[in-house]
Amino acid sequence: MSRSLRVAAAQSGPIQRADSRQAVVRRMVDLLDQAKAQRCDLVVFTELALTTFFPRWYLTDQAEVDSWFEREMPNAATRPLFERAAQHRIAISFGYAELTPDGHRYNTSILVDRDGTIVGKYRKVHLPGHSEFDPQRSFQHLEKRYFEPGDLGFNVWRSMGGILGMCICNDRRWPETYRVMGLQGVELIMLGYNTPSVNSQKPSEGPEQRMFQHRLSLQAGAYQNSSWVVATAKCGVEDGHPLFGGSMIVNPDGEVVAQANTEDDELVVADCDLDATKFGKETVFDFKRHRRIEHYGRITSQTGAILPPES
Ligand code: CDV
């Protein structure tokens, strides 16, 4: 049986603060229809796909904060997306802000199978930014204010004949993200991101350098774990704040096989042969044969760097 999946990264153009979830879902359904016309099996939407990237706003009213969160999934706004995906027999993944019944808030993504059933959930582990208003920054990035670090770890799921994993945005910059999934045999990693085009703490770091770091992270993660990586942006200018595009699909050799041309709603499609992950997993990255865990203790026993003593 062929283990090739036709996968689309469904890049999102900007979502303004005033845009309704219903309007956003209509755009997502339109991308799903395009994916159906291209015979896609799986469509990967972005991080916080239903709203503007609200962590750029410093909010003190909890009711206003909670207005950006979803209390159940699917809900009235997203049901048309679930229904159209199931009708097309397309699996999807997308991100949203999750408010749990017991009051926890996470930056979450889910995997929905071809029948419209949620089969996987991931909650963002590496939350960037800060928790209080920072006057030194040219704009805010308040993920640490609005979300708790994810509590589910980096799981993988057997779906559509393969082993699939998820992470979200800043997670893609951390080798631990990919390796924990790699150690579970991951064959395709899905991720969405909202990345400002400039560094709010370093104006000289602009779109070119940030795109280089984005590609570097995705390509290294794919190669070093011999996995496909599907990365989907929300991009364009949201209420005056530019986010870069660069949605792409990277093969298990670390090569970019498809990438976005715009900073708007756009499908980026590639045929992902999951058997192409085998060679790397059985040779240079045969973890069982080559990993030397007796030397990796610091990875899980400390966070910050501990410098050697001065001589
Ligand atoms: N949404 C994000 O996680 N954005 C971060 C920015 C703040 C650097 C990212 O890693 O792209």
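Please list, ordered by chain and number, the residues whose modelled amide H lies under 5 Å from the amide H of Ala258; skip anything fewer than 5 residues away on the same chain.
Amide H neighbours of Ala258: Ile249.
Mind listing the phi-derived Karplus ³J(HN,Hα) values for the stretch 55-64, rounded to whole Hz, using 6.51, -1.76 and 1.60 with θ = phi - 60°, and x for any glycine or proline?
Going residue by residue, I get x, 7, 9, 7, 10, 10, 8, 4, 5, 5 Hz, with x marking Gly and Pro.
Let me know the shape class of the stretch 105-247, please: from the alpha-carbon gyration tensor, a ≥ b ≥ c as square roots of the eigenvalues, rounded when a/c is under 1.5, otherwise prolate if a/b is greater than b/c, or oblate.
Prolate shape, in that a/c is at least 1.5 and a/b is the bigger ratio.
Counting alpha carbon pairs within less than 8 Å and at least 6 residues apart, what relative contact order, in whole percent, applies to the stretch 106-174?
About 32 percent, as a whole number.
In the stretch 4-301, what % of DSSP beta bridges are antiparallel (nearest 5)?
So the antiparallel bridges amount to about 65 percent of the total.
Show the residues, 5+ positions off or on another chain, whose built amide H is closer than 5 Å to the amide H of Leu5.
Correct list: Cys272, Asp273, Leu274.
So what's the back-of-envelope 222 nm ellipticity for the chain, counting only DSSP H runs of four-plus at -39500 (n - 2.57) apiece and dividing by all residues, rounded to 500?
It lands at -7000 deg cm²/dmol.
Could you run the Karplus curve 6.51 cos²θ - 1.76 cosθ + 1.60 with θ = phi - 60° over the stretch 71-82 and give me ³J(HN,Hα) per residue in whole Hz, x for Gly and Pro?
8, 8, 9, x, 10, 4, 6, 9, 4, x, 5, 4
Rounded if a/c is under 1.5, else prolate if a/b is larger than b/c, else oblate: which is the stretch 156-200, with a ≥ b ≥ c the root eigenvalues of its Cα gyration tensor?
oblate
Starting with the highest mean, order 177-186, 210-219 by the number of other Cβ atoms within 10 Å, averaged over the residues of each peptide.
The most tightly packed comes first, giving 177-186, 210-219.
Non-local amide H neighbours of Val119 (under 5 Å, H modeled in plane, Pro and chain starts lacking H): which ones?
Those qualifying (amide H under 5 Å, at least 5 residues apart or on another chain) are Leu111, Val112, Asp113.
Determine the relative contact order of the stretch 150-254: mean sequence separation of Cα pairs under 8 Å and six or more apart, normalised by residue count, in whole percent.
25
Give the distance, in whole Å, between the Cα centre of the stretch 278-311 and the Cα centre of the stretch 80-129.
Between the Cα centres of the stretch 278-311 and the stretch 80-129 lies a distance of 32 Å.
Could you give me the ³J(HN,Hα) list for the stretch 257-264, computed from phi with Karplus coefficients 6.51, -1.76, 1.60 and θ = phi - 60°, whole Hz, x at Gly and Pro?
9, 7, 8, 6, 10, 10, 10, 9
Modelling each spin label as a point 7 Å along the Cα-to-Cβ direction, I'd like the Glu208/Thr117 distance in nm, to one decimal.
5.1
Can you tell me, using C-alpha contacts under 8 Å and at least 6 residues apart, the relative contact order of the stretch 4-301 as a whole percent?
Rounded, it is 21 percent for the stretch 4-301.
FYI, it's all coordinate maths here, none of it is from the lab. Everything numeric in this text was worked out from a predicted model, so none of it was measured. Quick reminder, even Gly has a Cβ in these numbers, built from the backbone with ideal geometry, and neighbours come from all protein chains shown.
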